[in-house]
Amino acid sequence: MISGRASRSWGLVAAFALIVSLCFCVKSKFETTHDKHQSASLISAVTLRPANIICSEKLSLRDSLRKPRSGHGLGEQAEALSNLYANKKAVASYIKNCVAPATLPASAGTKLTTGIVIPAGGKALLSSAIALLTVVRETLKSHLPVEVVYNGQEEYEALLVSQLHAIQDVRCLDATQVAYPKHHSPLNLKGLTFEFKAYVLAYITTFDQVLMLDADNFPLRKPDDLFTLSSGSTVKGNLFQQHGSLFWPDFGQKQGNKSMLLAASLDMKPEAYTTFNLSVPWADPTKPHIFTESGQLLIDRVRHADVLEWLWFLNSHRKPVYEWMWGDKDTYRIAFALAGKLDNFQQVPMGPELALDAGGKPPEPTLRHAGMIQHNLEGHLKFLHRTWTGKFDPTVQGHWREVDYMTNALTIEQVLVYSEAYGFFPHQVTTDFDKYCCANGTAVPAVTGTTVLTHATDANQCDIVHCKSPGNPLPLLTIAPSNLAPDLRMVLRSIDAMFTSLQAQFTQTTPSQPVVVTQG
């Protein structure tokens, strides 16, 4: 015979057990495990969710998501769409019930953590991350904490990870050591490409406000001021503080039925929006829609926890979503639209420039792609993204292109010329732009309403950024001591020095000791 008190106690225990079996709380920290075969220097992620995840989720909903739909005579594409629609309802329900609204700027609440996260794995990307972070610490003097995230043992390189840990306030995380969010459709994380960036941003990094960088994207100036206004800034307000996001443009754009791109594969299909009953941004033929480049982005993960849920929803459904666009880069805007926060999606207005290498040989273009350059909101150079053929491979001797020239922000017509051969021939460019961009060779630009920028002037201090030639030739600025601000010269020299050192490490050559140039 069980006493009444004991009976009531057992009843409470049973009720509690039932609740636990039906619900799981996402507010608490996700469990992580430490791989016993992992390097002892590995630090696992211990906090995954922003602070405004507040509730539990029913097991019945979770279980329904863990059973992928299949068969029923559906084709592969139709089945992918069916799964997409089913998961969309589940994610919307989760956001409604589990994500607390966070509409105020982060500065109005508790102080949040800020940092840089870099998704990177394998020799090439981890080596590039070492070069990037050495420049960030030693040349740019940034003290922002950093997390480098790789995707499992296949991407783990013990020597390189130990070198990363030797850099001040850098830790490496294994994304596979973190529990997968069960309210999303199950997905094998092995072999993720573009979608890994979205996964890291949504669930792995521990920072509240984060600057995410590709491993081959080098800040050209100290990145700390992106989070807050720097003293003496001419920008009215800070878009990130106001909206909790900042993105950067790509070269391509779409207007009506016309696409103007570097490559046809970079185009977007209207299904990327119409599938979710969203307005197609390029439908108005009078307003060009500028695509997004995701080599760098800034987001407040607390304020936009709902956006991150939609972001992973989109990227976890690689098929069909990536058939409507190129990788992850334009899923960020759609995620904001799905969250009803499109006004908070902010993109730097100035288009990217090109970094060019002069080592091409005819009949190929003599000026070859070495990367793309992005600006801050004031128009100053901010990032050098070593894209496409500008990437660094530490295992191949001499395998990187040096930056010999930079362009101004390309017009769409110049992008189309470039796309024909992915480079420029001598007759398509000019370094003599001061004759028509400056008044009498002085530092006063001929174009009214612009400002001379010290990072982008020729020997006569003539501004290139706002320079447009009267004909087709693209204005080029030679990367030389007389043309480039001293701090930017130091960054470029440091990048090349690190590439030389890392390449020697893998090709067993013996270079002279690399010089990492420091400021101050």
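Pairs are defined by a Cβ separation below 6 Å, a sequence spacing of at least 6 or placement on different chains, a first member in the range 484-508 that is among the hydroxyl-bearing types (S, T, Y), and a second member that is open to solvent by less than 20 Å² (accessible area, probe 1.4 Å) and in a helix (DSSP H, G or I); the pairs so defined are S494/V135; S494/T139.
Just one of the numbered conditions (1) part of a strand (DSSP E or B); (2) in contact (Cβ under 8 Å) with a residue 60 or more places away in the chain is not true of A370: (2). Taken residue by residue, the range 299-307 has at least one member that is open to solvent by less than 20 Å² (accessible area, probe 1.4 Å) and part of a helix (DSSP H, G or I).
Of all residues being in contact with an Asp or Glu (Cβ under 9 Å, 6 or more places away or on another chain) and not in a helix (DSSP H, G or I) in the range 386-401, which is nearest to I290 (Cα to Cα)? Just the residue, please.
T387
So that you can scan it fast, the table gives a plain yes or no per residue for (1) at pLDDT below 95; (2) within 23 Å of R221 (Cβ to Cβ); (3) in contact with a His (Cβ under 7 Å, 6 or more places away or on another chain); (4) surrounded by fewer than 18 Cβ atoms within 10 Å (Cβ to Cβ):
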residue	(1), (2), (3), (4)
A131	no, yes, no, no
V135	no, yes, no, no
Y156	no, no, no, no
H165	no, no, no, yes
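How many residues are among the polar types (S, T, N, Q) and crowded, with 20+ Cβ neighbours inside 10 Å if we restrict to the range 355-370?
As a first pass, look at the range 355-370 and keep what is among the polar types (S, T, N, Q): 366.
Restricting the remaining residues to those that are crowded, with 20+ Cβ neighbours inside 10 Å gives none.
The total comes to 0.
Among the criteria (1) open to solvent by less than 50 Å² (accessible area, probe 1.4 Å); (2) in contact (Cβ under 8 Å) with a residue 40 or more places away in the chain, the one V170 does not fulfil is (2). Considered as a group, the residues in the range 260-277 that are in a loop (DSSP other than H, G, I, E, B) and of a type in the set (D, E, K, R) include one that is nearest to H369 (Cα to Cα), and that residue is D267. Here S316 fits the description: in contact with a Leu (Cβ under 8 Å, 6 or more places away or on another chain) and hydroxyl-bearing (S, T, Y). With respect to the conditions (1) in contact with an Asp or Glu (Cβ under 6 Å, 6 or more places away or on another chain); (2) at pLDDT 95 or above, D357 lacks only one, and its number is (2). Would the range 351-358 turn up any residue that is within 20 Å of F227 (Cβ to Cβ), part of a strand (DSSP E or B) and touching a strand residue (DSSP E or B) at 6+ places or on another chain (Cβ under 7 Å)? No: the range 351-358 contains no residue that is within 20 Å of F227 (Cβ to Cβ), part of a strand (DSSP E or B) and touching a strand residue (DSSP E or B) at 6+ places or on another chain (Cβ under 7 Å). So for the range 278-298 (the condition being under 25 Å from Y199 (Cα atoms), in a loop (DSSP other than H, G, I, E, B) and open to solvent by 30 Å² or more (accessible area, probe 1.4 Å)), does at least one residue qualify? Checked against the condition, which is being under 25 Å from Y199 (Cα atoms), in a loop (DSSP other than H, G, I, E, B) and open to solvent by 30 Å² or more (accessible area, probe 1.4 Å), the range 278-298 yields at least one hit. When D343 is tested against (1) modelled with pLDDT of 95 or more; (2) buried (at least 19 other Cβ atoms within 10 Å of the Cβ), exactly one condition is not met: (2). Condition check for F240 on (1) part of a helix (DSSP H, G or I); (2) at pLDDT 95 or above; (3) open to solvent by less than 10 Å² (accessible area, probe 1.4 Å): one failure, at (2).
Matching residues to (1) modelled with pLDDT of 95 or more; (2) more than 18 Å from the chain's Cα centre (by Cα):
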position	(1), (2)
S233	no, yes
Q253	no, yes
P270	yes, yes
V307	yes, no
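Looking at T395, T387, T331 in this structure, which one is in contact (Cβ under 8 Å) with a residue 40 or more places away in the chain, hydroxyl-bearing (S, T, Y) and surrounded by 22 or more Cβ atoms within 10 Å (Cβ to Cβ)? None of the other options fit; the residue is T331. Within the range 402-419, the set of residues being open to solvent by less than 30 Å² (accessible area, probe 1.4 Å) and part of a loop (DSSP other than H, G, I, E, B) comprises V403, N408, A409, L410.
The values are calculated or read from the model by the stated rules, or taken from the named source; none is laboratory data. Just so you know, these numbers come straight off a predicted model, no measurement behind them. A quick note on method: Cβ atoms are made from the backbone with ideal geometry, for glycine too, and the neighbour counts reach across all protein chains shown. Note: areas computed on protein heavy atoms with side chains; ligands, DNA, RNA excluded. Shrake-Rupley method; radii C 1.70, N 1.55, O 1.52, S 1.80 Å.
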